[in-house]
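Q: Handing you this structure, nothing more for now.
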Amino acid sequence: MSDLAAKLAALRKQAGGQGATVAHGGAGARAAAGVVPAVAGARAIAGAVAPAIAPGVDLAALRRMAGVRDRLGIVKAVTPRAMTRDVPGEEIAPGLRYLEYATVWPEPPEEFDLSFARLTTARREHLLHFDTETTGLAGGTGTRAFMIGAADWHGGRLRVRQLYMTSMAAETAMLNVFASWVGVETVLVSYNGKSYDAPLLSTRYRLARLPNPLMGLTHVDLLHPMRRRFRHAWENCKMQTAERKLLRIVREDDLPGSEAPRAWLTYLRGGSSIDLIRVAEHNLQDVRSLSGLLVEAHGWAALDAQAASPASNEK
């Protein structure tokens, strides 16, 4: 027996295959003898086609040699999300969608006391509650609003109108339509809009070489009065905290505003519209809540006057 035949016989004996006959050397002989190289072992573990492992081979050792961990039992089935490109609303310009809702809402006062915001008064019909959804939170010329929601009192109901882009080219059309909703007597109502939404829109109007309809308007930013009144009583003064504390509104399955850029860009790149629809629902609730919070803040002056009255102090 040659040296090669003797070595193969010894390997066959170690593998427990004494009855097998080895005709040739090389990779085929090693596979027949039950000796599986590390790469072949890894392929077998991964489910690929590989030579059968002969009885007696230490499978755990082969796994260690191949650097493959036993992952059996830890892989969970992932349910794929529904894929749809459908988007709600009417297309009023190429790439620009329009949505409108009329909501039965508690009757607001005809004239609002804005002393809580260090302003005077505002007529109900002049109020425009607005909120934007944008491509980022950092601001600057690279950030744009892809959705604008606005609520006003119309026909005895709270009317909510939303504009959103389904293509980059629709920005000018969106800015023009929003400008048509704003008049010289409009009083803007927002939540952190003085620091974020209004400056961002002003930048977009300037870049589009369009007149800025927000310039010079009275602007009631509810964030600052909320902070002055509740910063020592609440954990924070975010809008959802204010609506939970004052309006008893708790959102369910709400898509956070920080997820809005991803949802819109996913749709632009050919992905599903599911999260974009959720952004529109989030924006709708934002502008509805603005009107409720304004009514609450309007009543603070009467509450403060009552608390400061001598009769109240005697109690």
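The values are calculated or read from the model by the stated rules, or taken from the named source; none is laboratory data. Every value quoted in this text rests on a predicted model; they were computed, and no experiment measured them. Please note: Cβ atoms are built from the backbone with ideal geometry, for glycine as well, and neighbour counts cover all protein chains shown. Surface areas here come from the heavy atoms of the whole protein model, side chains and all, with no ligands, DNA or RNA. Shrake-Rupley method; radii C 1.70, N 1.55, O 1.52, S 1.80 Å.
Q: Please report the carbon-and-sulfur percent of the accessible area for the range 95-173; probe 1.4 Å, protein heavy atoms only, DNA, RNA and ligands left out.
A: In the range 95-173, the share of accessible area belonging to carbon and sulfur is 49 percent.
Q: Less than 20 Å apart at the alpha-carbon level, and either on another chain or at least 8 residues along: which aspartates and glutamates does that give for residue 238?
A: 131, 133, 197, 221, 252, 253, 254, 259, 281, 286, 296
Q: To continue, here is another question. Principal axis extents for the range 238-315, Cα atoms only, whole Å, descending order, please.
A: Extents along the principal axes: 67, 17, 14 Å.
Q: Shifting gears a bit: Taking H placed 1.01 Å from N in the peptide plane, check which residues at least 5 places from residue 136 or on another chain put their amide H under 5 Å from its amide H.
A: Amide H neighbours of residue 136: 144.
Q: Sequence-distant or interchain residues sharing an amide H contact under 5 Å with residue 218, placed H: which?
A: 188
Q: Next up: Sort 98-105, 115-122, 249-256 by the packing proxy (mean of other Cβ within 10 Å over each peptide's residues), most packed first.
A: Ranked by mean Cβ neighbours within 10 Å, highest first: 115-122, 98-105, 249-256.
Q: How big is the gap, in Å, between the Cα center of the range 123-165 and the Cα center of the range 251-293?
A: 13
Q: Tell me the per residue accessible area of the range 208-291 using a 1.4 Å probe; a whole number in Å² is fine.
A: That works out to 52 Å² per residue.
Q: Same structure, new question: Which order do 258, 272 take by accessible area at a 1.4 Å probe, largest first?
A: Sorted descending by solvent-accessible area, the residues read 258, 272.
Q: Give me the percent of accessible area attributable to carbon and sulfur for the range 206-298, probe 1.4 angstrom.
A: About 48 percent, which is the carbon plus sulfur part of the accessible surface.
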